[in-house]
């Protein structure tokens with residue numbers, strides 16, 4: 001649709017250029033296993049619960065202090081509760097209300113809906129859903145009970161942690177999508193290469209500052225960038241095509 005647009009940079013989150021969409025709920029009754037403090041990774045294509053120290057996405061309730069992962073404590077001394085995870089089949093979402101982010105969000109709708117399609121779950125008839133427009137909105141909507149289940153990138157529960165320090169225990173992550181290439185920064189490819197290079201360098205330099213890392217981590221969870229490779233996103237294009245998304 002926009003042939004002149006090129007992927008300029010791909011984001012890195014704590015050393016990884018991949019991420020996933022997470023399914024979360026306010027109902028522990030969905031869980032097939034007891035909720036525990038931890039995180040998910042795809043191991044040989046299988047969503048697997050691991051200790052927080054072994055997952056790439058920074059989990060709610062945790063913070064790097066001098067390079068060491070530890071308990072997050074807010075400036076006023078309030079402890080942020082460490083996020084819970086459990087195992088649950090996606091069949092459990094039938095009949096539930098589900099908050100997606102936007103129809104074109106890879107982690108907040110495209111990959112999750114492709115999972116449901118592959119499982120024979122009809123989103124039009126088997127669930128009640130709405131698109132809320134953003135990851136922090138789905139987290140807030142499930143937290144306040146407006147929806148049973150939400151989708152976001154992992155771990156977007158962190159977006160609510162300063163206002164609701166119990167978000168990690170009230171919202172339980174119970175499944176994840178297959179791995180997705182991290183989000184990108186795009187630009188008009190008809191611009192001079194020198195300008196594109198300067199844009200990349202400016203972002204990279206800003207991320208290298210303490211302020212830049214704090215700001216972009218808070219907004220997007222970015223900790224670094226690398227040059228984007230177009231072929232890395234073929235899997236995303238295939239998913240969008242299979243779902244019939246045109247924009």
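Only the coordinates and a few stated rules stand behind these numbers; no lab work does. Values in this document were obtained by computation on a predicted structure and should not be read as measured data. Glycine gets a Cβ as well: all are built from the backbone with ideal geometry, and neighbour counts include every protein chain shown.
The table below gives the values:
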| read-out | value |
| --- | --- |
| Which of 92, 56 has the fewest Cβ neighbours within 10 Å, and the rest in rising order | 56, 92 |
| Gaussian network model of the chain, Cα within-10 Å springs - most flexible of 21, 189, 77 | 77 |
| Residue of 179, 148, 66 that the Gaussian network model of the chain assigns the largest fluctuation, springs spanning Cα pairs under 10 Å | 66 |
| Residue with peak Gaussian network fluctuation, the chain [Cα springs, cutoff 10 Å], from 176, 127, 12 | 127 |
| Sequence ranges 40-52, 191-203, ranked by mean other-Cβ count within 10 angstrom, highest first | 40-52, 191-203 |
| Estimated 222 nm signal from helices in the chain, with DSSP H stretches of n ≥ 4 weighted -39500 (n - 2.57), rounded to 500 | -6500 deg cm²/dmol |
| Inverse mean reciprocal Cα-Cα distance (Kirkwood Rh) of segment 3-81, Å | 15.4 |
| Mean Cα-pair separation over length for the chain, i.e. relative contact order, pairs under 8 Å, 6 or more apart, % | 33 |
| For segment 19-180, alpha-carbon Rg over 2.2 N^0.38 Å | 0.98 |
| Pair residue 162, residue 194: separation of 7 Å Cα→Cβ label points (nm) | 4.0 |
| With 10 Å bins from 0: P(r) over segment 134-233, alpha-carbon pairs, percent | 12, 35, 30, 18, 5 |
| For segment 81-138 versus segment 1-35, the gap between their alpha-carbon centres in whole angstrom | 12 |
| Cα-based convex hull, segment 54-96, per residue volume (Å³, whole number) | 108 |
| Exposure proxy order (Cβ contacts within 10 Å, fewest to most) of 231, 190, 11 | 231, 190, 11 |
